[in-house]
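Asks: Starting off with a structure, shown below.
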């Protein structure tokens, strides 16, 4: 009996020692996990501070240095831990490495890449005017200073409508009719027009009937290739605008106020004489109407970058999403010649009297785009560039396209010059 009792006692002792060992091991594991978490938090704090100090306007809280002079800090205390940061790189790119360390010596290392180049939508406008399959119509005494590229017919009320550039029509059997083209005309049919340069058309003489050509006639020419309208990433601009908050419309901002980024659920109604600073993209689910002698100016911090004011109701593009730029509304970029504001309408109306997008007097310094409706430019209006499914240029209207201004235009959701993390660049090194 005694040996049995001794065996049982020994087993109990062994089990007890095992439990003590397990408890001790579990305690050490919990402590290690806690220290790893705290070290990682400390390293993350170092990253956040580095971004803050790179964008700071003074050295307060940054060890005395800020901006590009800030290259990191050593042994910055954070509770019971510390972090050390190092910044490397040049130009518009930087890499921040941050080491979070515990008193035990345990450390964790994280790294992130930064840039001052803001998120962008790669949308380009290559012509003074560009229309889709809906074509283009020019009324008397209207003028386009630049090239017109159309997927449909280009017609003019009389030859007193002038294109001071080339005209391209890519439609099968498409025509240029009753226009004055100061440079070259490219279409299957060039009819009843005055061409200052050469004419490229299909058959002679039927497809050049009634046309005077100062240059050379080229029958049997290949029609121009179809040129798609610019592509705009609506989801990008929706998300970018919503980041600044959502307000209910009708929304009428006061004079000298700043708008953007913002989503307006309803109409944006700009009163007479109201001047606005645009600090980010604006998304309007209703319609946009501007008052007389009002203005939009892109914030100076955008530098060479441009941004978007979008009228789009994804659930009802037939009835909402119109833009009406009325008399003497002025539109300016940031002050850099490459900077502009792009107004976009997704409304589907192709009616001249109720177009998706209407631009009246003196709207210089802007780009206008009706993605699937008509764009009407009236009176003595001006614009850097216009694109639409259908274009209608009213009497006395003038479109001035300056190629150097629009070359390499970058449409951004925020100002340039601000350091921010490059998406998906965060990684844990240790």
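Read-outs throughout are calculated quantities, based only on the coordinates presented, and are distinct from any laboratory measurement. Worth saying up front: this structure is predicted, and the values here are computed from it rather than measured. With ideal geometry, Cβ positions are generated from the backbone for all residues, glycine too; neighbour counts draw on all protein chains shown.
Asks: Note the full-extension length gain between residue 206 and residue 33 as 0.36 nm times their separation in residues minus their Cα-Cα distance, in nm to one decimal. Write down the numbers at each step before the final one.
Replies: Numbers: separation 173, 0.36 × 173 = 62.28 nm, distance 8.53 nm.
Extra length available between residue 206 and residue 33 comes to 53.8 nm.
Asks: In square nanometres and to one decimal, what's the mean projected area of the convex hull around the Cα atoms of the chain? Show your work: numbers first, answer last.
Replies: On the way: hull surface 130.5 nm².
Computed as one quarter of the Cα hull surface, the answer is 32.6 nm².
Asks: So what's the back-of-envelope 222 nm ellipticity for the chain, counting only DSSP H runs of four-plus at -39500 (n - 2.57) apiece and dividing by all residues, rounded to 500? Walk me through the numbers before you get to the answer.
Replies: Working: 3 runs with 67 residues, N = 430.
Result for the chain, helices only: -5500 deg cm²/dmol.
Asks: Separate question: Could you state the angle between the C-alpha long axis of helix 2-55 and the longest principal axis of the C-alpha atoms of the chain, as a value from 0 to 90 degrees rounded to the nearest 10?
Replies: On a 0 to 90 degree scale, this one is about 40.
Asks: When the chain is fully extended, how far beyond the present Cα-Cα distance does residue 55 get from residue 255, taking 0.36 nm per residue of separation? Don't skip to the answer; put the middle values down first.
Replies: Values: separation 200, 0.36 × 200 = 72.00 nm, distance 2.95 nm.
Length difference between fully extended and current span is 69.0 nm.
Asks: Below 8 Å, C-alpha to C-alpha, sequence gap of six or more: please give me the relative contact order for the chain in percent.
Replies: On the way: 1279 pairs, mean separation 58.5, N = 430.
Dividing the mean separation by the residue count of the chain yields 14 percent.
Asks: Taking 0.36 nm per residue of separation and subtracting the Cα-Cα distance, what length does fully extending residue 425 through residue 183 add?
Replies: Values: separation 242, 0.36 × 242 = 87.12 nm, distance 5.02 nm.
Extending this stretch completely gives an extra 82.1 nm.
Asks: How big is the Cα convex hull of the stretch 152-218 in projection, averaged over all directions, in nm²? Spell out each step's value before the answer.
Replies: Values: hull surface 14.3 nm².
Taking a quarter of the hull surface, the average projection is 3.6 nm².
Asks: Would you give the gap between the C-alpha center of the stretch 27-50 and the C-alpha center of the stretch 328-356, rounded to a whole Å?
Replies: 51
Asks: What is the packing order of peptides 173-185, 200-212, taking the mean over residues of other C-beta atoms within 10 Å and listing the highest first?
Replies: Working: 173-185: 22.1, 200-212: 16.6.
Highest to lowest by the protection proxy: 173-185, 200-212.
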